[in-house]
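Here the structure is laid out as C-alpha cells; the discussion comes afterwards.
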Amino acid sequence: MTVQGWLFDAYVNDTGMTVWIIDADGKRHKTVFPFAPCFYLHVSEQEAVTLREILLRLPYQVTMIKTAKKDLLSNNDVDVYAVHVHNPNLLQKAVRTLSKQFKFYQFYNADIKAVQMFYYTTQLFPLAYGEYTIENGLLKSWNLLERMEAETYNVPPLTVMTLSPSAKLLAPKYQRYLEIEIEVEGRKSVLQQESPRELINQINYYLYKYDPDVILTEYGDATLLPMLQQTASELNMPLYLNRDAGAGFMFSKAITYFSYGQVKQRDGTFALSGRWHLDKENSFIINEGDLDGLYDLARMSQIGVQQQARTSIGSALSSMQISWTYRNNVLVPYKRPIKEAFKSLTTLLKSDRGGLHFMPEIGYHEQVGELDFASMYPTIMRNNNISTETLDCPCCPDSQHLVPEIGFRICEKRRGLVPATLDPIIKKRARYKELRADAPTEEVRKRYDNKQSALKWILVTCFGYLGFKKSRLGRIEAHESVNAFARDTLLRAKEIAEQDGFELIHAIIDCVWLKKQGATHEEYALLAKKIEEGTGIKISVEGIYKWILFPVSKMDEEIPTATRYVGLYDTNEFKVRGIEVRRKDVPKYVQKAQQAMLKVLSGADDVDGVKMLVPEVLEVTKQYINDLKQGNVSPFELVIRRRISKDPFEYENNSVSAIVSQTLAEAGVQLMAGESIQYIITDSTGKKDPMKAKPLALYALDDGYDAEKYSDMVLEAAETLLEPLGYSKENLKEQLGMQTAGEKRKAAKKKRPVQLDLLLR
C-alpha cells in the first residue's frame, strides 16, 4: 500500500532501520527498511586481502566493496573500500575491531551514527512529507512531496501528553515527596507517589488510553522518567513508555564539561522508540524556538527530533556539513581533524587575533544611532568562499582572492563546503523574517519568529565551530580568516561613516554606535545603505537612542566593558545588555529594583534629563532598601542561583557555594560539578550563622535573610546606573544615610586634611 504522510521516527534494529510513518488521519505505521551502514578504509590492494580475511572471521555479516570517493582537501578521487555492517547495532564494534588491526591507516565516515547514515544516504529527514510505499511491513520506496529547505510546511497531527512535577518551585531532585501533574487533551490530573505500584498503573493507563505521540516533560531526563523506569523495574512491572514494545529505552548519564572558562553540567537523556520524549528543561532549542523551531531545525539538520532537542547547535551544523559530503561523494575524516599549519611568528601575530572592538567613553551619551550587520560572520564565509578546503588550495596557486592582513589564498574554482551549507540557512532565515513581518495573526507571527530564532543559533555558532578543535570539518586558518575579514569590514564601515560626518562612539565586532548632531533616521538609513554597498554585507539601523549608558567595569573602574550597556530608544523602548536586570545570577528583587530605577529614567529625553531624575532614582533605591530592612520582602525573591565549579567536597575554602553544596550533599542530594544551586543568604559574614546561606530546598521562613547583604546588591544595581554621574556605592550610602559608624569614621579620615607640621612634631 502507499501511505501519504510524515516520517515521524527512525532508529536502528538488527536488520536495518525501524521507520514510523504518521498519515494525515493520525494513524501510525511501523515499517522496517533494510539498511547496512558503511564506513571507508584506505588500504593498498595487498592489505585489502588481509582486510577481507579479517571480515570473514567476524561473527557477524560484514562485506566490503571497492569504490571511489573525493578527498575533501585535494578534491581528487581516492580509491577506498566501503565496509558494510549488516547489523547497524554492531557498526561501532566493527570500527573498533578494524581500527586495532589497521591503526596506521586512514578511516573515513567511521564515527557517524547509523541512524544519521540512514538519513544522509536516503536524503530523508525528520517530518518529511511524502508518499511511502509499504509491503508486508517493509518500507520499499518513497516519493517526497516537499523539500528539506521548504519554508512553509505542515506537521502531522500529534497527540501530546505533558508530565511535570506539581510543585514548581524546586527541581524534583530536591523534593522528598513527588507528585506528577499529567495533562493530555486539555485534561489535568495529579498522580501521587504514595503507592508506587498505583503510580505505575496510572501512568500506563494514560499511555494506553491516549497513546501519545509526544511526551513533553519538565525534568523528564534528569528525574521523572528514570524514576518511573526504576520504580517499575523494582516492582517487576511493565512500563509502556515506548510505543515499540520490542525496543529499549535510549538513555545516557549526565556529564560535566568545560566551556568558555566555565564548568557546566548537561543532564543525561532518556529517549523513546516510536514516540518522542522532549524535556523542556534539558533543551536549549525548545527554550529558544519552542517546538516550531525544534521541528524546523530537525528537518534541516536531518537529526531525529528527540536527539535534536538535546544535542548542541554545533552538532546540528556538523550534521548539515556531513550531509553535504554525502550528497557530493566526499569523504569525512575519522577523529583526525586537520592540524594547524606551521606559521612564522610574524604570521601568527597577524592571524591569531579576534574581532575588532572600539571601546566607548564611560558614561552617558545622547542622540546615538546603532547599526547592526545582519549575520556578519556567516555572510563573510559565504561571500568569500571560506572553508576548510578552499584556503591555500592546490588548484589555485595564483588566486587573487586573498585574506586581508594574513594573505591566505582562497579557491576560485570550487565552492566550499561551509558556504554551501550556510547559504540555504541564511536565505531561509531571511525569508522567515519576511513572513513574520507579513503574518496575518499573532500566532502565525510567533511561529515564524520561533523558526528564525532556531536558525539564528546555527548562524551564531558556525564561526566558533569552524575553529573548534574537535570539528572534523573545521580548520583554525579558516576561523582566523573570518576574523580578518570581519576586522576589515568594521574598519571600512568606520571610514564610510566618518566620511559622512558621523563620529564612532563604540563598536563590537558586527555592531557600531555612531553620532552626528541632529542626524535623522533617514540619514542613518542612507548611511547603512552606503556601508552595505561598501562591504557587501547587509546592515540595518537598530535605532536611535535618546541616551545610552556605558557603565564602568566591575573589575577596573578606569575602563568600560564592551558588552554592558543600557539605552533608551526614541521609541521609548529600552535595550539592556549585561547589567543586573539581565543577569541570571542576580536575585529577582534586585532586578525589580533596577527595573524600577530604569522606569524613572525612561522619562529623560537626554543626559541633562537623566541628571534631573537622579533624586527620584535615589528615592526608589531607598524604598527598596527600606523594605528589605523592615522584613517586607519575600525570601523567594532573594534566591541566588550559582553554578558550582567542583564536586561539593572538593572545595578547599569556606565560600557560600561550598557550604550550600555540601549541605545539600549531606541531605542526600547528589550534585556534580557544573550543576546549579539555589540559596538564600542568611548571614554573609558568618558571625551569627556560620552557614552563611541556606539552600532553597532546606530553607524555612524563620531562617530570615541578610538584609545588609541584599541592600548592598540593590546599591550596586543603583551604582551601575549612577556612578558615571558621581554616585559611587560609598556616596550612595552617604546620600541614603546608610553608613555604619565605622564607615563614617573611615570617610572622615579620608576627608580630613593632613597638616605636615603636626606630622613633623
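The values are calculated or read from the model by the stated rules, or taken from the named source; none is laboratory data. Treat the numbers as computed from the prediction; the structure is a model and nothing was measured. When we count neighbours, we look across all protein chains shown, and the Cβ atoms used for this are built from the backbone with ideal geometry, even at glycine.
All but one of (1) more than 23 Å from residue 121 (Cβ to Cβ); (2) touching a Lys or Arg at 6+ places or on another chain (Cβ under 9 Å); (3) among the β-branched types (Val, Ile, Thr) hold for residue 50, so report the exception by its number. That leaves (2) as the condition not met.
Based on this model, can you work out whether residue 420 counts as modelled with pLDDT of 90 or more, in a loop (DSSP other than H, G, I, E, B), surrounded by fewer than 19 Cβ atoms within 10 Å (Cβ to Cβ) and more than 21 Å from the chain's Cα centre (by Cα)? First the steps, then the outcome.
Values: modelled with pLDDT of 90 or more: yes; in a loop (DSSP other than H, G, I, E, B): no; surrounded by fewer than 19 Cβ atoms within 10 Å (Cβ to Cβ): yes; more than 21 Å from the chain's Cα centre (by Cα): yes.
No: the conditions fail for residue 420.
One residue stands out in region 465-482 among those that are more than 18 Å from residue 285 (Cα to Cα) and assigned to a helix (DSSP H, G or I): the one that is nearest to the chain's Cα centre (by Cα), namely 466. Within region 693-732, if we keep just the residues that are surrounded by fewer than 20 Cβ atoms within 10 Å (Cβ to Cβ) and among the basic types (Lys, Arg), the residue that is nearest to residue 659 (Cα to Cα) turns out to be 709.
Right, residue 197: more than 32 Å from the chain's Cα centre (by Cα) and in contact (Cβ under 8 Å) with a residue 24 or more places away in the chain or not?
Values: more than 32 Å from the chain's Cα centre (by Cα): yes; in contact (Cβ under 8 Å) with a residue 24 or more places away in the chain: yes.
When the stated conditions are applied, residue 197 passes them.
With respect to the conditions (1) out of contact with any helix residue (DSSP H, G or I) (no Cβ under 8 Å at 6 or more places or on another chain); (2) in contact (Cβ under 8 Å) with a residue 60 or more places away in the chain; (3) hydroxyl-bearing (Ser, Thr, Tyr), residue 351 lacks only one, and its number is (1).
Out of all the residues in region 98-116, which are of a type in the set (S, T, N, Q) and either surrounded by 15 or more Cβ atoms within 10 Å (Cβ to Cβ) or over 15 Å from residue 43 (Cβ atoms) (or both)? Of everything in region 98-116, those that are of a type in the set (S, T, N, Q) and either surrounded by 15 or more Cβ atoms within 10 Å (Cβ to Cβ) or over 15 Å from residue 43 (Cβ atoms) (or both) turn out to be 99, 106, 109, 116.
Just to verify a result, which residue in region 515-548, among those that are in a strand (DSSP E or B) and of a type in the set (D, E, K, R), is surrounded by the most Cβ atoms within 10 Å (Cβ to Cβ)?
Step one: filter region 515-548 for residues in a strand (DSSP E or B), giving 515, 539-548.
Then drop every residue that is not of a type in the set (D, E, K, R), which leaves 515, 542, 546.
Details: 515: 19, 542: 17, 546: 21.
It comes out as 546.
Of 405, 412, which residue is surrounded by fewer than 16 Cβ atoms within 10 Å (Cβ to Cβ), outside the structural domain of residue 318 (by TED's automatic domain parsing) and closer than 30 Å to residue 534 by Cβ? Give the derivation first.
Numbers: 405 fails: surrounded by fewer than 16 Cβ atoms within 10 Å (Cβ to Cβ).
Just a single option satisfies the conditions, and that option is 412.
Of the strands (runs of 3 or more DSSP E) entirely within region 218-286, those holding at least 1 residues that are at negative phi, at pLDDT 90 or above and buried (at least 16 other Cβ atoms within 10 Å of the Cβ) occupy 269-271, 276-279.
Could you tell me which of the residues 614, 639, 610 is without any contact (Cβ under 8 Å) to a residue 60 or more places away in the chain, touching a Leu at 6+ places or on another chain (Cβ under 7 Å) and closer than 23 Å to residue 713 by Cβ?
On the way: 614 fails: without any contact (Cβ under 8 Å) to a residue 60 or more places away in the chain; 610 fails: without any contact (Cβ under 8 Å) to a residue 60 or more places away in the chain.
So the residue among 614, 639, 610 that is without any contact (Cβ under 8 Å) to a residue 60 or more places away in the chain, touching a Leu at 6+ places or on another chain (Cβ under 7 Å) and closer than 23 Å to residue 713 by Cβ is 639.
Looking only at region 435-471, filter to residues that are hydroxyl-bearing (Ser, Thr, Tyr) and under 22 Å from residue 150 (Cβ atoms); which one of those is surrounded by the fewest Cβ atoms within 10 Å (Cβ to Cβ)? If we take residues in region 435-471 being hydroxyl-bearing (Ser, Thr, Tyr) and under 22 Å from residue 150 (Cβ atoms), then 441 is surrounded by the fewest Cβ atoms within 10 Å (Cβ to Cβ). So, of the residues in region 354-402 that are in a loop (DSSP other than H, G, I, E, B) and among the small types (Gly, Ala, Ser), which turns out to be surrounded by the fewest Cβ atoms within 10 Å (Cβ to Cβ)? Within region 354-402, the match that is surrounded by the fewest Cβ atoms within 10 Å (Cβ to Cβ) is 354.
Considering the conditions (1) in contact with a Gly (Cβ under 7 Å, 6 or more places away or on another chain); (2) not in a helix (DSSP H, G or I), residue 505 is excluded by exactly one of them, (1). In the set (1) surrounded by 13 or more Cβ atoms within 10 Å (Cβ to Cβ); (2) within 18 Å of residue 717 (Cβ to Cβ); (3) free of Cβ contacts under 8 Å to residues at least 12 places away in the same chain, the condition left unmet by residue 551 is number (3). Here residue 655 fulfils each of the conditions (1) without any contact (Cβ under 8 Å) to a residue 12 or more places away in the chain; (2) in contact with a Ser or Thr (Cβ under 6 Å, 6 or more places away or on another chain) apart from (2).
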